[in-house]
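Notes for the one structure printed next.
The values are calculated or read from the model by the stated rules, or taken from the named source; none is laboratory data. Owing to the predicted nature of the structure, the values given are computational and were not obtained by experimental measurement. Here the Cβ positions follow ideal geometry from the backbone for every residue, glycine too, while neighbour counts run over all protein chains shown. For accessibility, only protein heavy atoms count, side chains too; no ligands or nucleic acids. Shrake-Rupley method; radii C 1.70, N 1.55, O 1.52, S 1.80 Å.
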Amino acid sequence: MATTILKTEGLTKTFKGFKAVDGLNIEIQPQMVYGLLGPNGSGKTTTLGMLLGVIRPSEGSFSWFENGQKDENRKRIGALLETPNFYPYLTAVQNLEITAKIKDIPNPKGEIERVLKVVDLFDRKDTKFSTYSLGMKQRLAIGATLLGDPELLVLDEPTNGLDPQGIKDIRDLIIKIGKEGKTILIASHILDEIEKVCTHCAILRKGQLIKTGTIAQIIGNEDVQLIKAHAEDMDKLRSFVNSKNDYSIYRDNEDAFIISAAHGMKASDFNKHCFDNGIVLNQLSTFNETLEDQFLQIVKTS
């Protein structure tokens, strides 16, 4: 097995002078659940199109499985780029039989049963596709990508258009597949989705890579204690924090300071230090950064 699933170097796509993707450099290792996060128009789908051979790059390069851009690489990838497209009058099994034939999977019966169980549709395997809910249709589409046990799944906005229950079902399915050791590349504009299912993330904005790393690295919760604090005299609190090596103002919100404390320091320690210096806090709590907080901060300052 390759030690690197995907590496891009300066990957760029220009449409009539407009750079939809601009010099993208990312690297995906085995068993990562890697999210491409960005608002609509940030270049996520264009990136996936280039990686899957649908769109020709203008500049730069990419390599799958340390094997360049060879067509044979796509046999090791299961991809879902658009809305599920199955025959409505056929059953789940019949539709997957067609997919298996296209993928040239020999003796597909056992493989079809396996993926239907993975996506929790085995009990509805003989039901026509037209009777499925949107969530069930999407789960069947993910089942189709799993046929042949590819090394990598590529999913573009897999929860688009689904109701809350459908979103949860797809999210739980992706988490389950990831925990079983499958590498997954998922593009989404939904921050909560990326935060809950992914191990790593790349944030895109207007075609450019803004930040990349583990989810913990991006949201800044890896080796730091964040404290939310407010005092009657905020200027005095600011001066105190700025005078101490153990603390710094991580973010100045309108209603409070978000304070970064040295490793091992607790909110109770900060409260005592403030009190000992004549500062009485009227609000104090630990602060857990979310991907949404960090994303909005990154986009605002970039």
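Give 79, 100 a once-over and let me know the one that is part of a strand (DSSP E or B) and either within 28 Å of residue 162 (Cβ to Cβ) or open to solvent by less than 80 Å² (accessible area, probe 1.4 Å) (or both). If you could, list the steps in order and put the result at the bottom.
On the way: 100 fails: part of a strand (DSSP E or B).
The conditions single out 79.
Can residue 72 be described as modelled with pLDDT of 95 or more, closer than 26 Å to residue 143 by Cβ, in a helix (DSSP H, G or I) and of a type in the set (D, E, K, R)?
Details: modelled with pLDDT of 95 or more: no; closer than 26 Å to residue 143 by Cβ: yes; in a helix (DSSP H, G or I): yes; of a type in the set (D, E, K, R): yes.
No, not satisfied.
Only residues that are outside any loop (DSSP other than H, G, I, E, B) and either within 19 Å of residue 33 (Cβ to Cβ) or open to solvent by 30 Å² or more (accessible area, probe 1.4 Å) (or both) were counted in the stretch 103-152, giving 24.
Among the residues of the stretch 279-288, at least one is in contact with a helix residue (DSSP H, G or I) (Cβ under 8 Å, 6 or more places away or on another chain), among the hydroxyl-bearing types (Ser, Thr, Tyr), open to solvent by 30 Å² or more (accessible area, probe 1.4 Å) and at pLDDT below 90. Number of residues in the stretch 153-175 that are crowded, with 18+ Cβ neighbours inside 10 Å and in a helix (DSSP H, G or I) equals 7.
Scan the stretch 234-262 residue by residue and report those that are within 37 Å of the chain's Cα centre (by Cα) and open to solvent by 40 Å² or more (accessible area, probe 1.4 Å).
238, 242, 244, 245, 246, 248, 249, 250, 252, 253, 254, 255
Note on the stretch 225-284: residues that are of a type in the set (A, V, I, L, M, F, W, C) and without any contact (Cβ under 8 Å) to a residue 12 or more places away in the chain total 2. Do we find a residue being closer than 21 Å to residue 182 by Cβ and among the small types (Gly, Ala, Ser) anywhere in the stretch 67-75? There is no residue in the stretch 67-75 that is closer than 21 Å to residue 182 by Cβ and among the small types (Gly, Ala, Ser). Comparison of 215, 210, 186 shows that the only residue that is open to solvent by 10 Å² or more (accessible area, probe 1.4 Å), in contact with a Cys (Cβ under 8 Å, 6 or more places away or on another chain), touching a residue at least 40 places away in the same chain (Cβ under 8 Å) and among the hydrophobic types (A, V, I, L, M, F, W, C) is 215. In the stretch 1-39, which residue that is free of Cβ contacts under 8 Å to residues at least 40 places away in the same chain and over 26 Å from residue 217 (Cα atoms) is least open to solvent (accessible area, probe 1.4 Å)? Only one residue tops the list, namely 17. Between 125, 179, 117, the distinction of being at pLDDT 95 or above, of a type outside the set (S, T, N, Q) and closer than 29 Å to residue 65 by Cα belongs to 117 only.
Return yes when residue 43 is closer than 21 Å to residue 193 by Cβ, touching a Leu at 6+ places or on another chain (Cβ under 7 Å) and surrounded by 15 or more Cβ atoms within 10 Å (Cβ to Cβ) and no when it is not. It is true that residue 43 is closer than 21 Å to residue 193 by Cβ, touching a Leu at 6+ places or on another chain (Cβ under 7 Å) and surrounded by 15 or more Cβ atoms within 10 Å (Cβ to Cβ).
Can you confirm whether residue 94 is at negative phi, not in a helix (DSSP H, G or I) and not β-branched (Val, Ile, Thr)? Spell out how you get there, then give the answer.
Numbers: at negative phi: yes; not in a helix (DSSP H, G or I): no; not β-branched (Val, Ile, Thr): yes.
Spelling it out, it is not the case that residue 94 is at negative phi, not in a helix (DSSP H, G or I) and not β-branched (Val, Ile, Thr).
Selection of the stretch 77-124 for residues being closer than 30 Å to residue 46 by Cβ and hydroxyl-bearing (Ser, Thr, Tyr) yields 83, 87, 99.
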